[in-house]
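The block underneath contains the structure these notes are about, expressed in structure tokens.
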Amino acid sequence: MFLSVFDMFKVGIGPSSSHTMGPMVAAARFLDHLRGLPFAVAGLRASLHGSLAFTGVGHATDRAVILGLAGFIPSAYDATRAEAELTRIQADHTVEVDGLGTLRFDPATDLHFDYGPALPGHANGLRLMATDAQGDVIAQETYYSIGGGFVVTETELGAEPPAPVTPIPYPFASAAQMLKMAHASGKSIAQMKRANELAHMGPNALDEGLRRIWAVMRACIDRGLDSDGTLPGGLKVKRRAKAIREALERERGLNLTAPHVINDWISTYAMAVNEENAAGGQVVTAPTNGAAGVVPATIRYWLDHVPGASEARVGEFLLTASAIGGLVKHNASISGAECGCQAEVGAASAMAAAGLAAVLGGTPEQIENAAEIALEHHLGMTCDPVKGLVQVPCIERNGLGAIKAVSAASLALRGDGTHFMPLDNCIEAMRQTGADMSEKYKETALGGLAVNIPNC
């Protein structure tokens, strides 16, 4: 099994990797498909299904599909140009597509929210269609946004993933295999992950990519810590990270601060990221947008508050975290629409705990233990976003996920790595719990906090 660190950590836009980034990526893939057809296309249509329909407006799924069909992609998203293009499309009812020309597309009639049963393959389904001059459908593809910005077609969903063209030296598909390979090779988890990455790219590209991921994460934290105002979407949720940061800075040096206030710093770093995400800003999937604050907050805590921390080792943190995230995705899910928030913030907390344990000197066994502790104590967590927005309870939940990650790493490092519940079993428990979870609690905004909100 091989999932690159750059699959787990992707630069994109808020508010959702599965509901915003994924549909935009699907639209780009559909345009590529159309460019290879031997006949002319005159128009486009789209339909959203399952969770993409029920919470699509709150997650800006409609905007993402429209912009994706106009040629926008998450990694190179230009917010100013996007707003101008949306305005033009609404007025002209056309999209301008490289290689395809001017195509008819009226969002009011050609983008349909289907509130019936979800498509059979996954809770996050969308169908994209091309029409001829008479308006008849001449090409169609079904896509599933399976979490973390990953997108597959209906055919790809049920197929075995292709074997890597270049074999990797440490093809672990479970935590047990990972620990066995680490023991046999004498390498750390990060070193094995690095060796796997180097089978597909050069060392300079890998290191530069890791530096960029952290640079985007760090910039996102900084923007969030410096921004105030009210988040979009209608809930009138106020940004809090800036005010908390300012209060914490005023308290420094007064000898009045209780030790537990370090948790406020950790939470504030995470909330800063997820407030930026809720506002549609640039974030890094870690492993998703809804859980994007946990890993960067844990790294920022380590760098700013732990003696001896160094940015030179952030790559080691990210490689270790991505190894754990890959195991969760491969053996269960990182999709809130599939397994609830245990698959998003729970997975992120496990990744962050593993990364922190690694840079604090943990053995592979202690790192695996840290990931298991963090994930175990998110089991059963539902995804019940109020009004379908990635705001309540998502923003604070990232703060608590980061705190749990720090606690899990610290607890694991107090032991020798031996523990009762293996990470593999915990991941399987998460998968089973997600399968049994009611659809009301899997990113549909039909249960939980989403239906228990104040009247005013």
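The values are calculated or read from the model by the stated rules, or taken from the named source; none is laboratory data. What you see is a predicted model; the values in this text were computed from it and never measured. So basically every Cβ, Gly included, is an ideal-geometry build from the backbone, and we count neighbours across all protein chains shown.
Details
- The lone criterion from (1) under 19 Å from CYS383 (Cα atoms); (2) touching a Leu at 6+ places or on another chain (Cβ under 8 Å); (3) small (Gly, Ala, Ser) left unmet by ALA53 is number (2).
- For the range 307-347, the candidate set comprises residues that are more than 21 Å from ILE213 (Cα to Cα) and of a type in the set (A, V, I, L, M); within that set, the residue that is farthest from the chain's Cα centre (by Cα) is ALA332.
- Filtered residues of the range 115-128 (kept if surrounded by fewer than 17 Cβ atoms within 10 Å (Cβ to Cβ) and either over 30 Å from LEU3 (Cβ atoms) or in contact (Cβ under 8 Å) with a residue 12 or more places away in the chain (or both)): TYR115, GLY116, PRO117
- Just one of the listed residues (ILE427, ILE367) is under 20 Å from the mean Cα position of the chain (by Cα) and either crowded, with 24+ Cβ neighbours inside 10 Å or free of Cβ contacts under 8 Å to residues at least 12 places away in the same chain (or both), namely ILE427.
- Flag for CYS456 being farther than 28 Å from ILE262 by Cβ and either at pLDDT below 95 or surrounded by 24 or more Cβ atoms within 10 Å (Cβ to Cβ) (or both): yes
- Looking across the range 323-344, the residues that are under 20 Å from ASN274 (Cβ atoms) and out of contact with any strand residue (DSSP E or B) (no Cβ under 9 Å at 6 or more places or on another chain) come down to GLY325, VAL328.
- Cβ-Cβ under 9 Å pairs, at least 6 apart or on other chains, the range 235-246 side closer than 14 Å to CYS394 by Cβ, far side surrounded by fewer than 18 Cβ atoms within 10 Å (Cβ to Cβ) and of a type in the set (Lys, Arg): LEU235/LYS387
- Test: residue in the range 393-400 that is surrounded by fewer than 24 Cβ atoms within 10 Å (Cβ to Cβ), within 27 Å of GLY308 (Cβ to Cβ), touching a residue at least 24 places away in the same chain (Cβ under 8 Å) and in the same structural domain as CYS426 (by TED's automatic domain parsing): yes
- Restricted to helices (runs of 4 or more DSSP H) entirely inside the range 197-303, those with at least 1 residues that are acidic (Asp, Glu) and modelled with pLDDT under 95 are 241-251.
- Applying the set (1) farther than 30 Å from ARG239 by Cα; (2) touching a residue at least 12 places away in the same chain (Cβ under 8 Å); (3) polar (S, T, N, Q) to THR444 leaves exactly one unmet item: (1).
Per-residue answers, yes or no, for (1) hydroxyl-bearing (Ser, Thr, Tyr); (2) within 24 Å of the chain's Cα centre (by Cα); (3) exposed (fewer than 14 other Cβ atoms within 10 Å of the Cβ):
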position: ALA199; (1), (2), (3): no, no, no
position: LEU231; (1), (2), (3): no, yes, no
position: ILE266; (1), (2), (3): no, yes, no
position: THR285; (1), (2), (3): yes, yes, no
position: VAL294; (1), (2), (3): no, yes, no
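- Total residues in the range 1-52, condition assigned to a helix (DSSP H, G or I) and more than 20 Å from ASN124 (Cα to Cα): 6
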